[in-house]
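Undergrad: One structure, as structure tokens, below. Some questions next.
The values are calculated or read from the model by the stated rules, or taken from the named source; none is laboratory data. Source: prediction; values computed, not measured. Positions of Cβ are generated from backbone atoms using ideal geometry, with glycine treated the same way; all protein chains shown enter the neighbour counts.
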Amino acid sequence: MLFEKAQQLLESHFGYSSFRNGQELAIQSVLAGENTICVMPTGGGKSICYQIPAIVLPGTTIVISPLISLMKDQVDALVQVGIPATFINSSLNYNEANQRIWEAKQGMYKLLYIAPERLDSREFIEDLKQMDIPLVAVDEAHCISQWGHDFRPSYRHIQQMVRSLPQKPNVIALTATATPRVREDICETLNIEEENSIITGFERENLTFSVIKGQDRLHFVRDYLKKNEKEAGIIYAATRKNVDQLYERLKKENINVARYHAGMGDAERISEQDRFLKDEASVMVATSAFGMGIDKSNIRYVLHFQLPKNMESYYQEAGRAGRDGLESECILLYSSQDVQVQRFLIDQSSDRSRIHAELEKLQQMVDYCHTENCLQEFILKYFGETETETCGRCGNCLDSRSSNDVTKEAQMVMSCIIRMGQRFGKTLTAQVLTGSKNKKVTEMGFDKLTTYGIMKEKGSKEVSDFIEFLISQELIAIEQGQFPTIFVSPKGKDVLLGKEQVHRRETVKVREISKDDP
Ligand code: ADP
């Protein structure tokens, strides 16, 4: 009965003829009174999973969302189709907030959006107790977990709030980016049974992933933009300075480019965003600050000029391509120097207790850049999918270079790591293997090892890349810390013992990255 109403609402209020994958199950589960978790990719249609139950159920549904800038848009869209909704966040003054709380207590709203920080206030919890709340929707639910990529302490208060309400509401948690560990954490914290997990496939069949290594990035971008002049696309860069430099460069080439980062004034940022949304500028150069809640469907490519900090961010940003279902490209331009930049940023910005987890996530991002297996499959496995297949269309699937047996080189590297005591980093190991006369090498007596200089015909950068490749193959593992150290994994030991072989595609000749590369 309730579900029939849900179906009617889909058409009458939202104007859609059918549910998308997962929406129906999520709504059914919520209407059956179950706490539910809904994991869907960005753009998968999560909002409806709580908005429709909110309309069907009596009372006011509370929506907790950290994305303050999106609340107003969401609320406006609901009000426009005749659903009474409002929000309370730091953009309102005291009187405005109080007025809305009062109205909510009178039952004037079907949905009330709040920022998580509200839950830190006892007074606000008392206000909630005077409302009739059938459902609490927790958007961006990965913020609950220390293992997520965006932990927010206020999210830890949600369950306390839910328990304190006189009529205990149901909970629906929604996220686009939960690894199995984060998912478990969400379910445990919010008391959600595992069987009430609705997880839709993360595969985006119209996206083609590739990683470009060892090329002059600016050169690559210029060529790419020339070839795709008529298409809309985003180029993500790591820092504000990178954005400004790249923007200036491209402008000089007469490319119709816009830019966006948090260091710009509000007015300029909004007008730049508008130019891109209205197709007046075809390319947007931006930091990761750009894109949340942007619903531009015809983005044909997303280029990453630098390495993002983790797979969650990468997939979210790359996933902004091809929302219309048409074929689109996601290209990451990799240079090993970027790993240092990201390490530095993690070290500067994170809460000390999270550094280790963030460095591990960064390493998985680096592994993505070095794997020779299917890139789409790598992503799906990262997000916990088990029944995966190779996509047949990514840069690695289409790579026609032949494979070489590199077992012997892998054994050289691993036996050197073992001889060095498995407590040093990649760079020093590469120096020992290439026979460097570096002071640290001689001071430690590593020039006396039998593995000293056994790869001296190669450059230390080449050996370093090879070590990264062995890490991506899980033959070598990393112990994260201020100075990451490498050691041989059980799988690596099998290679050392000659039980397994290692193959690697022929490497391309590395072209120098230009010095003034932004
Ligand atoms: P998410 O929160 O998962 O990123 P949204 O809820 O913002 O996604 O939905 C993404 C887009 O898909 C929106 O433009 C929305 O209007 C549209 N959408 C959602 N559900 C449906 C549906 N059943 N049929 C067609 N379009 C839908």
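Conditions tested, residue by residue: (1) within 18 Å of Ala176 (Cβ to Cβ); (2) touching a helix residue (DSSP H, G or I) at 6+ places or on another chain (Cβ under 8 Å); (3) in contact (Cβ under 8 Å) with a residue 60 or more places away in the chain.
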{"site": "Gln273", "(1), (2), (3)": "no, no, no"}
{"site": "Met284", "(1), (2), (3)": "no, yes, no"}
{"site": "Gln306", "(1), (2), (3)": "no, yes, yes"}
{"site": "Tyr315", "(1), (2), (3)": "yes, yes, yes"}
{"site": "Arg320", "(1), (2), (3)": "yes, no, yes"}
{"site": "Leu332", "(1), (2), (3)": "no, yes, yes"}
{"site": "Val339", "(1), (2), (3)": "no, yes, no"}
{"site": "Gln342", "(1), (2), (3)": "no, yes, yes"}
{"site": "Lys361", "(1), (2), (3)": "yes, yes, yes"}
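Undergrad: Among the numbered criteria (1) over 26 Å from the mean Cα position of the chain (by Cα); (2) more than 22 Å from Arg152 (Cα to Cα), which one does Leu135 miss?
TA: If we test Leu135 against (1) over 26 Å from the mean Cα position of the chain (by Cα); (2) more than 22 Å from Arg152 (Cα to Cα), just (2) comes out false.
Undergrad: Among the residues of the range 173-185, which ones are aliphatic (A, V, I, L, M) and either under 16 Å from Ser47 (Cβ atoms) or within 16 Å of the ligand (Cβ to nearest atom) (or both)?
TA: Answer for the range 173-185, where residues must be aliphatic (A, V, I, L, M) and either under 16 Å from Ser47 (Cβ atoms) or within 16 Å of the ligand (Cβ to nearest atom) (or both): Ala173, Leu174, Ala176, Ala178.
Undergrad: Got a number for residues in the range 369-382 being part of a loop (DSSP other than H, G, I, E, B) and either farther than 19 Å from Leu332 by Cα or among the β-branched types (Val, Ile, Thr) (or both)?
TA: 1
Undergrad: Here is a follow-up. Yes or no: Pro66 in a helix (DSSP H, G or I), in contact (Cβ under 8 Å) with a residue 60 or more places away in the chain, within 16 Å of the ligand (Cβ to nearest atom) and not small (Gly, Ala, Ser)?
TA: Judged against the criteria, Pro66 is not a match.
Undergrad: Follow-up. Let me spell it out: the conditions are (1) crowded, with 22+ Cβ neighbours inside 10 Å; (2) β-branched (Val, Ile, Thr); (3) outside any helix (DSSP H, G or I), and Ile255 meets all of them except one. Which number is the exception?
TA: (1)
Undergrad: Let me ask another. Is there a residue in the range 154-168 that is in contact (Cβ under 8 Å) with a residue 60 or more places away in the chain, more than 21 Å from the chain's Cα centre (by Cα) and under 30 Å from Arg320 (Cβ atoms)?
TA: Yes: one or more hits.
Undergrad: Right, here's the next one. Tell me which of these Asp76 doesn't satisfy, since it passes every other one: (1) within 16 Å of the ligand (Cβ to nearest atom); (2) within 20 Å of Thr42 (Cβ to Cβ).
TA: Going through (1) within 16 Å of the ligand (Cβ to nearest atom); (2) within 20 Å of Thr42 (Cβ to Cβ) one by one, Asp76 breaks only (2).
Undergrad: Within the range 289-300, can one find any residue that is away from the ligand (no atom under 16 Å from the Cβ), at pLDDT below 95 and either aliphatic (A, V, I, L, M) or part of a loop (DSSP other than H, G, I, E, B) (or both)?
TA: Yes: one or more hits.
Undergrad: Right, here's the next one. How many of the residues making up the range 115-134 are surrounded by 16 or more Cβ atoms within 10 Å (Cβ to Cβ) and either in contact with a Phe, Trp or Tyr (Cβ under 7 Å, 6 or more places away or on another chain) or of a type in the set (Ser, Thr, Tyr) (or both)?
TA: Going through the range 115-134 one residue at a time, the tally reaches 2.
Undergrad: Still on this model: Residue pairs, Cβ under 8 Å, 6 or more apart or interchain, first in the range 20-36 and over 20 Å from Ile186 (Cβ atoms), second surrounded by fewer than 24 Cβ atoms within 10 Å (Cβ to Cβ) and among the polar types (S, T, N, Q). List them.
TA: That search, which allows pairs on different chains as well, returns Asn21/Thr200.
Residues are listed down the side, and each one gets a yes or a no for (1) of a type outside the set (S, T, N, Q); (2) touching a strand residue (DSSP E or B) at 6+ places or on another chain (Cβ under 6 Å); (3) modelled with pLDDT under 95:
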| residue | (1), (2), (3) |
| --- | --- |
| Ile55 | yes, no, no |
| Ser69 | no, no, yes |
| Lys72 | yes, no, yes |
| Ile83 | yes, no, no |
| Leu92 | yes, no, yes |
| Lys105 | yes, no, no |
| Leu111 | yes, yes, no |
| Arg122 | yes, no, yes |
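Undergrad: Still on this model: Name the one entry in Pro58, Pro84, Pro41 that is in contact (Cβ under 8 Å) with a residue 60 or more places away in the chain and either more than 8 Å from the ligand (Cβ to nearest atom) or among the hydroxyl-bearing types (Ser, Thr, Tyr) (or both).
TA: On inspection, the qualifying residue turns out to be Pro58.
Undergrad: Anything in the range 155-167 that is buried (at least 16 other Cβ atoms within 10 Å of the Cβ) and either assigned to a loop (DSSP other than H, G, I, E, B) or out of contact with any strand residue (DSSP E or B) (no Cβ under 9 Å at 6 or more places or on another chain) (or both)? List them, or say none.
TA: Within the range 155-167, Arg156, His157, Leu165 meet the criteria.
Undergrad: All but one of (1) touching a His at 6+ places or on another chain (Cβ under 8 Å); (2) surrounded by fewer than 16 Cβ atoms within 10 Å (Cβ to Cβ); (3) of a type in the set (A, V, I, L, M) hold for Leu398; which doesn't?
TA: (1)
Undergrad: In the list Ser29, Ser12, Ser18, Ser69, which residue meets the criterion of being buried (at least 18 other Cβ atoms within 10 Å of the Cβ) and of a type in the set (Gly, Ala, Ser)?
TA: Ser29
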